[in-house]
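Undergrad: Have a look at this one.
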Amino acid sequence: MFKDKSILIFVEMLKNNTLLGIVYWVLFFGVIWVFLLSYFREGDDALVFSYPEETINFAWELVPMWWWNLNNKQRFDKEFLQSSNNLYQFYLYVKRYPLYVPLIEQELENAGIPNDLKYMAVAESALRNDVVSSAWAAGIWQFMPETAKRYGLEVNELVDERYHFEKATRAAVTYLWELYEQFDDWALAAAAYNRWENWLRRDMESQGVDNYYDLYLNEETSRYVFRIIAIKYVIESYFDRKDIIDKIIWWVYDVPDTTTILVTSIEDLASWCKRNWYNYKDIKILNRWIVWESLPEGNWEVTILNK
């Protein structure tokens, strides 16, 4: 009887095209995935993620990988292999790159900070401006609320400027400079961004170590800088083989054509959008820092799509 009932359920699923739909999509994505793997892993056009083993560098300095730093080599290899084998995540890095990285590069250059620090944003959030962690770190730069406020970002029940990409980037640049002034080393500055400066300084003092690569740290911070370096070399492989990869990726996400307007207050965001012929969804996506449905009195820069 159970067997007969199973057959009836199977027939009913076929009638409703449910099972056929599932089979179709599994086969469709399976074929595409196999194609991508074979395309990138075989032949003359294979995408090979690589790095110069003897001259791995980060923030204008060589990363020590010699025989007495065997653990560093292992730490880097682990992060590099994980990053290079996650093609799905790699494609998303590449697609999101034009949306955020050019502005980050400009802000770093203006501040005199090494260009490699741009990969911190990738390591922190995978270049997603809407992401929030289990510890309530938010935005591209994953600021905690108290740190965000310390660097001039407003965080309350109505507004959360950790999601304001431009302001958060400027705050992160300021924070990184202050960390560099404390530690006089960019790898340590990056580690302190992850670990918090007081905890990192305590680790350095207790171990009598003055550089990141010789420190014994908690697992997350021990991996953090090596993850940034691995992401750097994986993404640079894209630019080395851009002609090959673009055949598969087809397009990257373009920066939208926008204008910033000054707003003193908004009582109800949906009504304000209707009155001004703005699309509510566009306003929410372009201004993720508006977390509720109103803006209090003040001077707010709201981004709108050009019509």
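The values are calculated or read from the model by the stated rules, or taken from the named source; none is laboratory data. Predicted, not measured: the structure shown is a model, and the values here were computed from it. We place every Cβ from the backbone using ideal geometry, glycine too, and count neighbours over all the protein chains shown.
Undergrad: For residue 304, only one of the following conditions fails: (1) modelled with pLDDT of 95 or more; (2) under 20 Å from residue 59 (Cα atoms). What is its number?
TA: The one condition residue 304 does not meet is (2).
Undergrad: Continuing with this model, one more query. Every residue in segment 232-274 that is in contact with a Ser or Thr (Cβ under 9 Å, 6 or more places away or on another chain), modelled with pLDDT of 95 or more and among the aliphatic types (A, V, I, L, M), please.
TA: Across segment 232-274, the qualifying residues are 261, 266, 269.
Undergrad: Got at least one residue in segment 185-195 being closer than 30 Å to residue 50 by Cβ and over 22 Å from the mean Cα position of the chain (by Cα)?
TA: Yes, some residue in segment 185-195 is closer than 30 Å to residue 50 by Cβ and over 22 Å from the mean Cα position of the chain (by Cα).
Undergrad: Which residue pairs have Cβ atoms closer than 7 Å, lie 6 or more positions apart in sequence or on different chains, and pair a first residue in segment 81-107 that is without any contact (Cβ under 8 Å) to a residue 40 or more places away in the chain with a second residue that is of a type in the set (D, E, K, R) and part of a helix (DSSP H, G or I)?
TA: 101/118; 105/118
Undergrad: Turning to a different aspect of this structure: Can you report the number of residues in segment 280-306 which are free of Cβ contacts under 8 Å to residues at least 12 places away in the same chain, charged (D, E, K, R) and either in a loop (DSSP other than H, G, I, E, B) or closer than 18 Å to residue 169 by Cα (or both)?
TA: Residues that pass the stated criteria total 0.
Undergrad: Tell me which residues, restricted to segment 262-278, are out of contact with any helix residue (DSSP H, G or I) (no Cβ under 9 Å at 6 or more places or on another chain) and in a helix (DSSP H, G or I).
TA: Residues satisfying the conditions are 271, 275.
Undergrad: A further question follows. Go through segment 43-59 and count every residue that is modelled with pLDDT of 85 or more and either surrounded by 12 or more Cβ atoms within 10 Å (Cβ to Cβ) or within 22 Å of the chain's Cα centre (by Cα) (or both).
TA: Looking only at that region, the number is 4.
Undergrad: Another question, then. Do we have residue 88 as touching a Leu at 6+ places or on another chain (Cβ under 8 Å), of a type in the set (Ser, Thr, Tyr) and either within 20 Å of residue 239 (Cβ to Cβ) or surrounded by fewer than 18 Cβ atoms within 10 Å (Cβ to Cβ) (or both) here?
TA: Taking the combined requirement at face value, the residue does not satisfy it.
Per-residue answers, yes or no, for (1) under 19 Å from residue 235 (Cα atoms); (2) among the β-branched types (Val, Ile, Thr):
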{"residue": "105", "(1), (2)": "yes, no"}
{"residue": "109", "(1), (2)": "no, no"}
{"residue": "113", "(1), (2)": "no, yes"}
{"residue": "124", "(1), (2)": "yes, no"}
{"residue": "134", "(1), (2)": "no, no"}
{"residue": "140", "(1), (2)": "yes, yes"}
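Undergrad: I want to confirm something. Restricting to segment 285-307 and keeping residues that are crowded, with 17+ Cβ neighbours inside 10 Å and β-branched (Val, Ile, Thr), which single residue is nearest to residue 132 (Cα to Cα)?
TA: That would be 291.
Undergrad: In the set 170, 162, which member is surrounded by 15 or more Cβ atoms within 10 Å (Cβ to Cβ), in contact with a Gly (Cβ under 6 Å, 6 or more places away or on another chain), under 17 Å from residue 100 (Cβ atoms) and touching a residue at least 40 places away in the same chain (Cβ under 8 Å)?
TA: Answer to the selection: 162.
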